[in-house]
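Working notes, structure below.
A short reminder: the numbers here are calculations on the coordinates, not readings from a lab. These numbers come from a predicted model, not from an experiment.
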Amino acid sequence: MDEQIAEGYMVKLKSGGPIMVVESVEQRDVSCVWFDKDQNLQHARFKLGTLVVQDAGASQHGPINL
C-alpha cells in the first residue's frame with residue numbers, strides 16, 4: 001500500500017536520488033520540485049507508487065507550508 005503523500009511533504013524516489021518537495025498531487029501523479037547539485041530548480045512528475053515520504057516528521061506533523 002502506498003504512503004499518503006500530500007502537498008509540502010518531503011519525498012524521495014524509492015530507487016534513490018535527491019530529496020524533493022511535493023508541489024501537487026493529482027490522483028496517482030505527484031508533481032515535485034528540488035534543487036540539483038548546481039542549485040538549479042528542477043521540476044518533474046512521478047507516479048505515486050515510486051515515492052516514499054523522506055522525513056518522518058512530515059507524515060506525523062503534516063506538510064511543510066510553502
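Contour minus end-to-end for His43 and Ala6, with contour as 0.36 nm per residue of separation and end-to-end as the Cα-Cα distance? Numbers along the way, then the final one.
Values: separation 37, 0.36 × 37 = 13.32 nm, distance 1.63 nm.
Gain in length upon complete extension: 11.7 nm.
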Once you have a ≥ b ≥ c as the square roots of the Cα gyration tensor eigenvalues for region 1-54, tell me rounded if a/c is under 1.5, and otherwise prolate or oblate according to whether a/b is larger than b/c. prolate
